[in-house]
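What follows is a short report on a single structure.
The numbers here are math on the coordinates, done by the rules we state, and not lab data. Since this is a predicted model, take the numbers as computed values, not measurements. Here the Cβ is made from the backbone with ideal geometry for all residues, glycine too, and neighbour counts use every protein chain on show.
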Amino acid sequence: MPQFLSTSEPGFEARFAALLGMKREDAPDVDTAVAAIIAEVRARGNGAVIELTERFDRLRLTPETLAFSPAEIAAEVAKVSAEDRAALELAAERIRAYHVRQMPADAYWTDPEGAELGWRFTPVAAAGLYVPGGLASYPSSVLMNAIPARVAGVERLVVACPTPGGVVNPLVLAAAKIAGVDTVYRIGAAVDKITGPGNAYVAAAKRRVFGRVGIDMIAGPSEILVIADAANNPDWIALDLLSQAEHDESAQAILITDSAAFGQAVVAAVEARLQTLERRAIAGASWRDYGAVIVVRDLTEAAALSDRIAPEHLELCVADPQALVARVKHAGAIFLGAFTPEAIGDYVGGPNHVLPTARSARFSSGLSVFDFLKRTTLARMTPASLAAIGPAAARLARSESLEAHGLSVLARLEALNGGGQ
């Protein structure tokens with residue numbers, strides 16, 4: 001059974017703090033294993049990659065078969081039904097339309113002193129998108145990672161998708177083709193930026209290579225917080241909670257409600273649905289170990305608790321979700337109203353489903369075109385603007401004991417005042 005908490009009960013703060021502090025992914029040996037793998041690949045290149053792929057994925061490759069050939073991709077894509085392809089294309093179009101609106105504009109202006117200032121955005125040259133492999137892989141994640149990169153203007157886009165035992169999900173390759181991916185590797189590839197969710201080993205690898213390449217975020221287990229009043233259908237809310245619990249035994253699903261009776265009804269509905277779910281073992285373990293129902297006095301209190309949780313996904317199933325969302329500061333993605341289940345966001349809503357987890361929504365955002373863009377600032381001084389602001393720069397340089405800094409400005413000021421070139 002999940003935890004059942006009430007803000008009106010003594011000891012709530014201690015229990016809530018314990019809930020926030022739960023360690024949902026504990027694998028101390030992971031980083032050591034990943035470090036050894038990275039060192040081996042750096043030392044021996046493709047030879048190490050081929051040996052490691054045979055060891056972990058039970059797949060023997062050659063340098064020529066590290067990537068899927070066009071013929072292999074075409075053969076797998078041909079297995080995709082017309083209905084599945086149509087669903088992928090609908091999702092792709094909605095994701096593309098949403099992310100096109102995110103593209104920022106370059107800017108350039110002249111300030112009151114006559115200096116010309118601005119910024120411009122340019123895409124990274126190459127991006128690598130990690131997609132979990134096997135039959136349980138997620139074609140929707142291909143779309144969510146690849147389309148923003150293409151919208152941003154990334155020139156070379158590759159997918160790394162392990163294929164344990166040689167098994168590949170044809171929908172993953174179809175999604176890659178629809179999204180405009182250049183190459184699909186059965187293993188990794190050299191890029192400037194790595195994005196995409198994965199397990200603890202993927203997260204550890206991203207930590208290890210950060211600095212040599214950019215990364216989107218360190219993602220943890222999935223999580224959902226639903227704020228719901230008693231006017232909702234308990235079965236709908238139960239299914240929304242289970243939609244994240246079924247991802248992973250370490251996933252977390254939390255309900256906040258202003259009705260204890262409704263909370264109990266949702267718990268009963270979850271238990272009933274768990275009897276029939278295909279992934280009931282995974283979802284049941286997640287709900288039992290990390291699930292929680294929190295009863296609050298009112299929705300204002302619910303919003304405050306939500307900000308302390310800073311959930312990856314937040315559903316506002318209340319009579320006036322617009323009023324409540326105005327009180328929320330920290331969440332990866334917010335779904336407003338009873339007819340907006342989080343699952344819509346996973347596939348066809350439009351906004352990205354690669355989102356900050358483990359309370360990192362307090363300081364970070366979901367994947368977007370900005371993850372594939374670099375901002376470069378621009379500045380041009382005229383003689384008049386340098387004369388106006390240069391002395392202040394020279395003075396600040398002196399205050400920091402950086403003599404050459406100041407002299408580089410003063411030399412130009414002297415030339416402007418007739419002191420020579």
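Computed quantities for the displayed model
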{"item": "Selected residue (criterion: farthest from Ala179 (Cα to Cα)) from residues of the range 84-124 that are in a loop (DSSP other than H, G, I, E, B), under 20 Å from the mean Cα position of the chain (by Cα) and of a type outside the set (D, E, K, R)", "result": "Pro104"}
{"item": "Positions within the range 362-421 being within 18 Å of Asp111 (Cβ to Cβ) and basic (Lys, Arg), in sequence order", "result": "Arg380"}
{"item": "Options Arg297, Arg375, Arg359, Arg288: the member that is among the basic types (Lys, Arg) and at positive phi", "result": "Arg359"}
{"item": "Residue in the range 343-380 that is farthest from Val409 (Cα to Cα), counting only those that are more than 15 Å from the chain's Cα centre (by Cα) and surrounded by 19 or more Cβ atoms within 10 Å (Cβ to Cβ)", "result": "Gly349"}
{"item": "Answer from Arg380, Arg375, Arg395 - the residue that is basic (Lys, Arg) and without any contact (Cβ under 8 Å) to a residue 24 or more places away in the chain", "result": "Arg395"}
{"item": "Subset tally (residues that are in contact with a Phe, Trp or Tyr (Cβ under 9 Å, 6 or more places away or on another chain) and more than 27 Å from Glu89 (Cβ to Cβ)) for the range 336-379", "result": "7"}
{"item": "Entirely in the range 292-399, the helices (runs of 4 or more DSSP H) that have 3 or more residues that are touching a strand residue (DSSP E or B) at 6+ places or on another chain (Cβ under 8 Å)", "result": "299-309, 321-325, 342-347"}
